[in-house]
2 protein chains.
Amino acid sequence: MRAVTIHGPRDVRVEDRPDPELRAPGDAIVRVRVACVCGSDLWTYRGIRSVPPGRPIGHELVGVVERVGTGVSSVRPGQTVIAPFCLSDGTCQECRAGFPSSCEDGSFWASEDSDGELLDGAQGEYVRVPLADRNLVAVPEDADDALLPDLLTLSDVLCTGYHAAVSAGVGPGTRVVVVGDGAVGLSAVLSARILGAPRIVAMSRHRDRADLAREFGATDVLPQRGEEAVPALRALLDGERAEAALECVGTQESMDEAIGLVRGGGRVGFVGVPAGGSVIPVRRLFDTNVTIGGGMAPVLTDLPLLLPLVLSGRIHPGRVFTASFPLERAADAYAAMDRREVIKSLLVVS
Amino acid sequence: MRAVTIHGPRDVRVEDRPDPELRAPGDAIVRVRVACVCGSDLWTYRGIRSVPPGRPIGHELVGVVERVGTGVSSVRPGQTVIAPFCLSDGTCQECRAGFPSSCEDGSFWASEDSDGELLDGAQGEYVRVPLADRNLVAVPEDADDALLPDLLTLSDVLCTGYHAAVSAGVGPGTRVVVVGDGAVGLSAVLSARILGAPRIVAMSRHRDRADLAREFGATDVLPQRGEEAVPALRALLDGERAEAALECVGTQESMDEAIGLVRGGGRVGFVGVPAGGSVIPVRRLFDTNVTIGGGMAPVLTDLPLLLPLVLSGRIHPGRVFTASFPLERAADAYAAMDRREVIKSLLVVS
């Protein structure tokens with residue numbers, strides 16, 4: 001099969017890789033229809049995170065089940081399925097509590113599982129899905145192909161933005177500020193709207209992203225950053241700060257900023273993959289009573305709540321894909337996103 | 001008046017200080033009946049935190065109103081009152097949201113207020129209470145003097161333990177582990193019981209504290225620490241970790257330990273005054289989905305919920321006072337607590 005691999009900084013290729021085979025009774029083979037490039041893939045692309053040369057890459061996909069092992073009962077060949085960005089066992093304490101992304105025996109696409117087996121990357125023609133009954137969510141048969149980009153966001157980015165909002169306790173009484181205007185930040189804006197936030201302030205300096213933020217439900221756009229951001233937010237909110245901040249970047253600066261933008265006793269929901277060794281000083285939380293929650297999104301927990309909104313057309317989270325590329329042009333998909341020419345790159349595989 | 005002052009490490013004295021006077025219409029003068037030594041006072045006592053020599057000290061008190069300014073309407077002379085450990089204005093965004101300890105114009109006993117005026121310490125015969133309508137809570141007239149130690153815990157330590165439990169979302173479905181067996185940790189145990197936790201594991205190696213923890217509702221006592229603590233906790237909890245950890249110490253080690261003792265997606269409620277520059281690595285929260293909340297307790301918010309439990313005798317939080325000293329023997333009260341001969345020292349003032 002053809003699959004995307006990464007050989008070093010800015011060296012993305014599409015190469016032949018072995019077709020995946022069923023290895024265990026719980027496995028399924030899925031033919032990928034759409035995949036995409038994640039902000040965290042750009043970390044590898046930019047050399048901030050290094051992986052062995054030639055690794056497959058990608059962790060978001062919607063596809064069609066090709067074959068299933070003898071132990072699979074919840075999906076069958078021909079069904080369209082969404083795969084969450086991380087795999088879980090469904091039996092550990094964390095999975096049972098609804099936090100599959102903290103599964104004690106979890107694994108990630110394009111990484112080794114607990115048996116040392118390298119899993120396929122999502123940016124390729126096929127993937128083997130371990131524990132398919134657990135790790136695939138079937139889409140109703142009558143779903144239109146036009147929904148594929150929207151459905152793909154349920155694999156990661158929409159659920160990630162939603163997790164930020166849930167972790168910050170967003171509801172009808174919460175004024176929200178969103179730090180980060182990438183696809184995750186925009187998904188967080190949309191999620192805050194879904195959860196009923198009356199005021200959603202998107203921090204953005206880019207016209208295309210600010211426009212999409214407004215389309216997704218932002219009531220205000222704040223271009224200021226750093227020291228200027230708090231007074232600018234207060235000017236919008238009758239002299240006050242927000243009840244919740246959604247941190248969707250992952251740097252020390254963005255976390256510091258998020259904490260400063262909420263009132264004492266407020267909440268920060270964070271989902272930005274932490275870059276470097278960012279830390280939270282305990283003293284700052286102690287003095288402000290700000291609660292910090294978040295992390296890797298529990299896709300399997302939230303996907304069932306969000307899927308009907310996509311299927312009914314109430315939300316269009318796939319609008320974050322502002323450019324589409326065939327699999328063979330994956331290098332262009334990365335480069336365009338790296339240069340911020342597109343918000344998020346869609347890969348059409350089959 | 002006579003009042004406790006601190007002149008340097010382990011140099012606590014009882015000295016003459018000026019009687020406080022009404023300065024503003026909202027002020028009240030309170031004659032202190034009981035005060036006590038806080039674990040955070042020991043930081044000053046041990047020289048970990050330094051203050052100008054001769055400073056008054058103490059921030060927990062129950063007393064009787066002596067005089068009130070012309071603007072005071074909610075308390076009157078002769079009433080027994082509890083003062084929270086920090087003072088707040090009642091008007092800012094934080095106060096209105098129920099987080100007076102993060103008040104934008106707040107101040108502390110024995111520290112300068114926002115006008116630069118040094119407030120009295122609670123360990124003395126009298127205190128001036130600014131904004132007395134806000135910062136004093138009256139006790140019903142028929143309350144027995146025998147309740148004074150229990151009532152005094154509502155000034156800080158019980159509310160602080162309770163804040164740890166609330167911040168960690170403790171309820172009937174939560175198995176709780178409490179890090180720290182000082183008066184705050186023991187109050188956290190009691191608070192977890194109040195909130196209905198079915199399993200409360202107190203971490204302690206001291207017989208007297210472990211006994212009181214059990215009296216307060218601990219179902220288990222865990223002597224292990226550090227690397228041995230997690231497997232020991234799992235052995236108690238059917239191989240699992242707790243849903244909530246209450247961090248009641250304030251060191252880097254205790255915070256690290258608390259995070260490690262909860263399952264992925266669990267919560268840490270912390271109230272230990274942070275010693276040194278302790279930090280939380282964002283990556284650790286990201287990977288575990290553990291939520292961190294807490295800080296300085298919002299006494300005015302929680303006191304009304306806890307006061308009836310004290311008045312009815314349902315709880316006896318004053319059991320943390322294992323020794324009592326007259327004001328003039330304050331130095332002994334500090335020394336006994338410093339040497340861990342007592343859990344918490346009561347000062348009987350008048």
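The values are calculated or read from the model by the stated rules, or taken from the named source; none is laboratory data. Fair warning: this is a prediction, and the values are worked out from it, not measured in the lab. We place every Cβ from the backbone using ideal geometry, glycine too, and count neighbours over all the protein chains shown. For the accessible areas, the whole protein counts, side chains as well, though only heavy atoms, and no ligand, DNA or RNA atoms are used. Shrake-Rupley method; radii C 1.70, N 1.55, O 1.52, S 1.80 Å.
Peptide B:233-243 has a mean shielding of 1, counted as Cβ atoms of other protein chains within 10 Å of each residue's Cβ.
Computed over chain A, the per-residue total of -39500 (n - 2.57) for DSSP H runs of n ≥ 4 gives a 222 nm mean residue ellipticity of -8000 deg cm²/dmol, rounded to 500. Shielding of peptide A:271-283 by partners, expressed as the average count of other chain Cβ atoms within 10 Å per residue Cβ, is 6. For region A:1-144, the Cα-based Rg and Dmax, in that order, read 14.9, 42 Å.
Modelled spin labels at B:GLU21 and B:ASP105, positioned 7 Å past Cα toward Cβ, are 2.4 nm from each other. With contacts taken as Cα pairs under 8 Å and at least 6 residues apart, chain A reaches a relative contact order of 18 percent. In terms of the mean number of neighbouring beta-carbon atoms within 10 Å, the peptides A:225-232, A:24-31, B:305-312 order highest first as A:24-31, B:305-312, A:225-232.
Computed with the Debye formula from one identical point scatterer per Cα of chain A, without solvent, the log10 of I(q)/I(0) at q = 0.12 Å⁻¹ comes to -0.83. When you count the other C-beta atoms within 10 angstrom of each residue and take the mean per peptide, A:190-198, A:15-23 line up highest first as A:190-198, A:15-23. Computed from backbone phi with θ = phi - 60° and the Karplus coefficients 6.51, -1.76 and 1.60, the 3J(HN,Hα) list for region B:253-265 is 5, 5, 5, 4, 5, 4, 4, x, 8, 9, 5, x, x Hz; x is used for glycine and proline. Our summary gives region B:158-294 a relative contact order of 26 percent, counting only alpha carbon pairs under 8 angstrom and 6 or more residues apart. Computed over the alpha carbons of region A:94-248, Rg followed by Dmax gives 18.5, 56 Å. With the highest mean first, a sort of the peptides A:240-246, A:213-219, B:109-115, B:129-135 on other beta-carbon atoms found within 10 angstrom per residue produces A:240-246, B:129-135, A:213-219, B:109-115. Accessible area per residue for chain B is 36 Å², calculated with a 1.4 Å probe on protein heavy atoms, without ligands, DNA or RNA.
Peptide B:252-265 is shielded by partner chain Cβ atoms: per residue, an average of 3 of them sit within 10 Å of its Cβ.
Fully extending the segment from A:GLN252 to A:ASP115, taken as 0.36 nm per residue of separation minus the present Cα-Cα distance, adds 45.9 nm.
Summary value for region B:164-234: 29 percent relative contact order, contacts being C-alpha pairs under 8 angstrom separated by 6+ residues. Label separation (B:ASP133 vs A:ASP287): 3.1 nm, computed from points 7 Å beyond Cα along the C-beta direction. Between A:ARG314 and A:ASP142, full extension at 0.36 nm per residue minus the direct alpha carbon distance yields a gain of 60.2 nm. Inter-copy label distances for A:ARG199: 4.3 nm (label point placed 7 Å from Cα along Cα→Cβ; shortest first). Between identical copies, the spacing of A:PRO77 label points, each set 7 Å from Cα toward the C-beta atom, reads 9.5 nm from nearest to farthest. Annotation: extensible slack from B:GLN224 through B:ARG339 equals 39.2 nm (criterion: 0.36 nm per residue apart, minus Cα-Cα distance). In nanometres and ascending order, the distances from the B:VAL230 label point to those of the other copies are 3.6 (point 7 Å from Cα along Cα→Cβ). Annotation: amide H-H contacts under 5 Å for A:LEU61 (H modelled 1.01 Å from N, sequence separation of 5 or more, or interchain): A:ALA83. Based on alpha carbons, the Rg and Dmax found for region A:158-294 are 13.0, 38 Å. Taken along the Cα-to-beta-carbon direction at a fixed 7 Å, the label points for B:GLU215 and A:ILE48 span 5.5 nm. Placing a label point 7 Å from the Cα of B:ALA323 along the Cα-to-Cβ direction, the residues of region B:25-40 whose backbone N falls under 20 Å of that point are B:34-40. Measure off, as a whole percent, the carbon and sulfur share of the 1.4 Å-probe accessible area of chain B, all protein chains present. Carbon and sulfur together cover 49 percent of it.
Taking both sides together, the accessible area buried where A meets B is about 3400 Å² for a 1.4 Å probe. Pairs of Cα atoms in the protein assembly as shown fall into 10 Å distance bins, from 0 up to the last occupied one, in shares of 3, 15, 22, 22, 16, 11, 7, 3, 0 percent.
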